[in-house]
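**Student:** Below are the structure tokens for one structure; questions will follow.
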Amino acid sequence: MLKQRIITAAWLAPLMLAGLFGLEGGAFALFTAVVVLLAGWEWARLAGIEETPQRLGWVGLMAALMGLMWALDAALALWPLWLAALGWLVTLYWVARYPEAGAQWQSTPRRLLMGLWVLLPAWVGFNVLRDSGAWLLFVLLLVWGADIGAYFFGRAYGKRKLAPRVSPGKSWEGVFGGLLVTFLLAVGFAVWQGFGMVSALSLVIITALVTLASVLGDLLESMLKRHRGLKDSSNLLPGHGGVLDRIDSLTAAIPLFALCYLTALSP
């Protein structure tokens, strides 16, 4: 298993970095669309669709919506990001109230609708942040830093369970560890960019909110997999599970950070 994980990471990491930072414009939009559509293929399974023709139909619908949004310049607009922010607030309630509130989202059509506000705004967020490669890099480092901090702090100090009925392995200590790492990242980035006190404080606050959102993204996928009795979203990435398993935190962090970038951080 470890060998397979290393082999997959050896080709996957360079491919993702080249696509995210080597492409621009329509090529970048197409690259990120492929990633999100692969996640959409897996989302259909989490929604309860196993038949290949129906899953292809769902992916085709997502692709058509992406094409329409690109044609209407909605891929760089604010409203999909506000939709995502509202959707994630609803998701927070569902995760906090799992399994009691399950009847509100467990039907297949509702889980598919949930997938639209999770995946499409993430694609929009990628395209918004590509205009500033530094901010795209920052939010990627933020999510990775939050994961690393949560892992090590959780292993060393984790006692209080964060959401035991959704993801028993996560702890509040892990969340605090992730927040500490991303706080240091935000301070370092603010110093590097020469931010004043107000701008630096804004970045720290936004970083904390996005860090918490990334945790929620992870918990949402865990909740859906637990409901379906699945360990991974798929086996598309040998040793790593599925695409959605790799970007679950980003699906929440990217649109929220892009919204903050457009409303508070951009010149």
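**Student:** Sort Val124, Val34 so that the residue with the fewest other Cβ atoms within 10 Å of its own Cβ comes first and the one with the most comes last.
**Tutor:** Val34, Val124
**Student:** Could you identify which residue out of Asp147, Asp245, Asp131 has the top mean-square fluctuation in a GNM of the chain using Cα springs shorter than 10 Å?
**Tutor:** Asp131
**Student:** Right, next: Quick check: net charge around Ala75, other residues with Cβ under 13 Å of its Cβ, Lys/Arg +1 and Asp/Glu -1?
**Tutor:** The answer is -1.
**Student:** Grab the beta carbon distance between Glu24 and Ala264, set R0 = 25 Å, and tell me the FRET efficiency rounded to 0.05.
**Tutor:** Values: r = 24 Å, r/R0 = 0.97.
Given R0 = 25 Å and the Cβ-Cβ separation, E is 0.55.
**Student:** Only counting other Cβ atoms within 10 Å, I'd like Glu221, Glu100, Glu173 sorted with the fewest neighbours first. Walk me through the numbers before you get to the answer.
**Tutor:** Details: Glu221 27, Glu100 10, Glu173 18.
Listed from fewest to most nearby Cβ atoms, that is Glu100, Glu173, Glu221.
**Student:** In addition: First measure r as the distance between the Cβ atoms of Leu76 and Ile205, then evaluate 1/(1 + (r/R0)^6) with R0 = 30 Å and state the FRET efficiency to the nearest 0.05. Mind showing how you got there, number by number?
**Tutor:** Details: r = 25 Å, r/R0 = 0.82.
Efficiency computed from Cβ-Cβ geometry: 0.75.
**Student:** What nm value, rounded to one decimal, do you get for the distance between Arg155 and Ile7 when each label is placed 7 Å out toward the C-beta?
**Tutor:** 2.5
**Student:** Related question: For the range 2-265, build the charge dipole from Cβ charges (+1 Lys, Arg; -1 Asp, Glu) around the Cα centre, then report which of Val90, Ile205, Gly133 sits farthest towards its positive end.
**Tutor:** Ranked along the dipole, the leading option is Val90.
**Student:** If neighbour count is taken as other Cβ atoms inside 10 Å, put Thr52, Thr8 in order from fewest to most.
**Tutor:** Thr52, Thr8
**Student:** Could you tell me the distance between the Cα centroids of the range 83-151 and the range 158-189, to the nearest Å?
**Tutor:** 17
**Student:** Further, regarding this structure: Would you please give the residues with an amide H less than 5 Å from that of Lys170, counting only those at least 5 places away or on a separate chain, with H modeled from the backbone geometry?
**Tutor:** Amide H neighbours of Lys170: Leu162, Ala163.
**Student:** Now a separate question. Using 0.36 nm times the number of residues separating Glu50 and Ser107, minus their current alpha carbon distance, what extension gain do you get?
**Tutor:** Extra length from Glu50 to Ser107 when fully extended: 19.1 nm.
**Student:** Describe numerically, in nm with one decimal, the distance between label points set 7 Å from Cα along Cα→Cβ at Leu17 and at Val187.
**Tutor:** Here the modelled spin labels are 2.7 nm apart.
**Student:** Taking the chain as a Gaussian network, where each spring joins two C-alpha atoms under 10 Å apart, which residue of Leu244, Leu140, Leu12 fluctuates the most?
**Tutor:** In this elastic network of the chain, the residue with the biggest mean-square fluctuation among Leu244, Leu140, Leu12 is Leu12.
**Student:** If I model a spin label as a point 7 Å beyond the Cα along the Cα-Cβ vector, how far apart are those points for Leu65 and Leu92 in nm?
**Tutor:** 2.3
**Student:** Just how large is the dipole of the chain about the Cα centre, in debye to the nearest 20, putting +1 at every Lys and Arg Cβ and -1 at every Asp and Glu Cβ?
**Tutor:** Working: 19 positive and 14 negative charges, 180 e Å.
Value, rounded to 20: 860 debye.
**Student:** Once you charge only the Cβ atoms, +1 for Lys and Arg and -1 for Asp and Glu, what is the size of the charge dipole of the range 1-153 about its Cα centre, to the nearest 20 debye?
**Tutor:** Numbers: 8 positive and 8 negative charges, 60 e Å.
Dipole about the Cα centre, nearest 20: 300 debye.
Since every read-out is calculated from the coordinates, none of them should be taken as a lab result. A quick note: this is a predicted structure, and the numbers were derived from the prediction, not measured. All Cβ positions, glycine included, derive from the backbone under ideal geometry; neighbour counts span all protein chains shown.
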